[in-house]
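Here is the structure we will look at, set down as C-alpha cells.
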Amino acid sequence: MTCETLTADDAALLFTWYDRHHRDLPWRVSPPMARQGVVADPYHVWLSEVMLQQTTVQAVKAYFDKFLRLWPTVEDLAAADTDDVMKAWAGLGYYARARNLKKCAEVVARGHGGRFPDTEEGLKALPGVGAYTAAAIAAIAFNRRSAVLDGNVERVISRLYAIETPLPAAKTEMRQRVSRLTPADRPGDFAQAMMDLGATICTPKRPTCALCPFRMKCMALSSAVPETFPIKAAKKEKPVRLGAAFVAIDGADAVYLRKRPETGLLGGMTEVPGTDWSARRDGETSVDARPFVAPWESCGTITHVFTHFELRLSVYRANVADAPPAVGGWWEPIASLKRQALPTVMKKAIAKAIPHAFKPG
DNA sequence: GAGACGTGGGC
DNA sequence: TGCCCAAGTCT
C-alpha cells in the first residue's frame with residue numbers, strides 16, 4: 001500500500017496538473033518555457049525565496065517588484081546602502097532576512113564574481129540560505145535534482161504517506177520521501193508543482209482532495225481525515241510584555257527617531273524612544289526612558305503580537321517647541337516617516353500619537 | 001532540539 | 001475574538 005516511489009505515471013499526473021493549474025508568479029518561468037530548458041534568473045529566484053520564508057505570496061509580490069526596481073542585479077544590491085535595504089524591507093518582518101540578504105549579495109558579487117553558486121552545498125553556505133532555500137534555488141534556477149521540503153511539501157508528503165511522527169521530528173523521513181519522488185527531468189517544476197499543490201489543493205484546513213492528482217494513492221485520504229496531517233508538537237502560550245513609547249514632536253512637525261541595535265528583535269530597524277519590553281513595568285514608572293523633559297501626555301495603548309510574545313505598549317506624546325539637540329537619534333519630518341525603516345509596531349505607536357502620520361497626502 | 005525572530009489575513 | 005497559518009534560518 002505504501003508508495004516508495006512515485007511512478008512515471010504519477011509524476012506525469014502531477015506535471016499535467018501543474019501545467020494546467022500552476023500559479024503565475026513574477027519570479028517564475030512558465031511551464032512551457034521550462035519544458036524547453038529555460039530556467040529562471042538565480043537572482044530573482046533567490047530574492048523571492050528569501051522573501052517567501054514564512055511569508056505569504058500576496059505580501060511578497062509588491063516587495064519583490066520594489067526590490068528589482070531599486071536593485072536590478074545582485075551587484076546593485078551589493079553596492080546598496082544597508083539602511084536603504086532595511087527601509088525597503090520595512091513591513092515584511094523577520095528583519096534578519098534583510099540583513100542577511102545584503103550580506104549574501106556582497107558575498108555573491110565580490111566573492112563569486114556576481115554568480116550564485118550552482119550547487120546545493122555552495123548555496124547553503126550563503127548568509128540567510130538554509131536547507132530549504134538552497135534546495136529550492138538549486139532545483140529551480142540550476143535544474144538540480146535536490147529535495148525541496150517546505151511547509152507545503154511537508155503537508156503533501158505527510159498526507160500522502162499518513163506520517164504519524166509529529167513535526168519537526170518527521171522532517172528527516174519527509175526529506176527522504178521527497179528525495180525519492182523527485183525526478184531528474186524538470187526537478188524545479190516538480191518542486192514548484194508540489195508547493196502549488198500544497199498551497200491550492202492540499203491546504204491546511206479544507207483540502208479539495210477531489211481535485212488532487214494524487215487522490216488515488218493518498219494514505220491520509222483513504223484511511224483517515226486528511227486535514228489531521230501533518231501532526232505537530234503542541235504550542236506554548238505567549239507571555240505578555242509591557243512597555244512605553246515616547247513620540248516627541250518638535251516645532252517643525254518632526255518626530256524624534258533612533259536606530260535599534262543591529263541584532264536581536266527588530267535589529268537595525270528604526271524606533272521611537274521607549275522602555276525595554278522585557279521588564280514587566282508600565283510607562284508611568286519608566287521616567288528613565290523619556291528622551292526629553294517635557295509635558296508627556298498619555299495617548300492610550302497599542303497591542304502588537306510578535307511570534308513569541310504579546311506587547312502592550314503605552315504611548316505618550318509631547319510637543320517640544322525648541323527641539324533639544326538630537327543625541328543618538330534624529331528629527332524626522334512627519335511627511336517622510338513612511339519612507340523610514342519603521343517596523344509595523346512602531347508605525348502603530350506613532351499613529352496612536354499622531355493619527356494622520358501615515359495617511360496618504 | 002528548542003527558542004528567537006514579524007506581520008497580515010482567514011475563519 | 002483569538003487562533004492558526006505563510007516557500008525558514010540561526011543560535
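Readers should treat all values here as calculations from the given coordinates under stated rules, not as data from a laboratory. As the structure is a computational prediction, the values presented were derived from the model and not from experiment. Here Cβ is always computed from backbone atoms with ideal geometry, including for glycine, and neighbour counts include all displayed protein chains.
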Given unit charges at Cβ for Lys, Arg (+) and Asp, Glu (-), the dipole magnitude of the stretch A:226-339 about its Cα centre in debye, nearest 20, is 500
Correct response: the longest run of chain A lacking exposed GluC sites (Glu not before Pro), defined by DSSP loop and at most 14 other Cβ within 10 Å, is A:5-163
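Give, rounded to the nearest 20 debye, the magnitude of the charge dipole that the stretch A:12-129 has about its Cα centre when Lys and Arg contribute +1 at Cβ and Asp and Glu contribute -1 at Cβ.
So the dipole magnitude of the stretch A:12-129 works out to roughly 260 debye.
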Placing +1 on each Lys and Arg Cβ and -1 on each Asp and Glu Cβ in chain A, then taking the dipole about the Cα centre, the residue among A:GLY113, A:THR263, A:CYS209 whose Cα reaches farthest towards the positive end is A:CYS209
Any lysines whose Cα falls less than 17 Å from that of A:LYS61, other than same-chain ones fewer than 8 residues away, would be A:LYS87
The local net charge around A:PRO204, scoring Lys/Arg +1 and Asp/Glu -1 for residues other than A:PRO204 whose Cβ lies under 12 Å from its Cβ, equals +3
Length-normalised contact order of the stretch A:220-361, Cα under 8 Å, at least 6 apart, in percent, tallies to 30
Cα pairs beyond 16 Å in the stretch A:73-185, in percent, come to 65
Quick calc, chain A, dipole around Cα centre from Cβ unit charges on Lys, Arg (+) and Asp, Glu (-), nearest 20 debye, gives 640
Summed over the other residues with a beta carbon less than 12 angstrom from that of A:ASP84, with K and R at +1 and D and E at -1, the charge totals +1
With Cα coordinates, the longest principal axis of chain A makes an angle with the long axis of helix A:131-142, in degrees rounded to 10, of 60
Along the stretch A:353-359, Karplus-curve 3J(HN,Hα) (6.51, -1.76, 1.60; θ = phi - 60°) to the nearest Hz, with x for Gly and Pro, reads 7, 10, x, 8, 4, 10, 6
Among trypsin sites (Lys or Arg not before Pro) in the stretch A:1-100, those in a DSSP loop whose Cβ has at most 16 other Cβ atoms within 10 Å are A:ARG23
Here the averaged projected area of the stretch A:240-353, based on the convex hull of its alpha-carbon atoms and given in nm², is 6.7
Relative to chain A, whose Cα atoms define the longest principal axis, helix A:151-160 and its Cα axis are tilted in degrees, nearest 10, by 30
With the 8 Å Cα cutoff and a minimum separation of six or more residues, chain A has a relative contact order in percent of 16
With a Förster distance of 22 angstrom and the Cβ-Cβ distance between A:ARG35 and A:THR208, calculated FRET efficiency to the nearest 0.05 equals 0.25
In degrees rounded to 10, the 0-90 angle between helix A:96-106 Cα long axis and the longest Cα principal axis of chain A is 70
Taking only the alpha carbons of the stretch A:150-277, the radius of gyration and the largest Cα-Cα distance, Dmax, both in angstrom, are 22.9, 70
proj_area_mean for the stretch A:8-228 (convex hull on C-alpha atoms), units nm², value 12.0
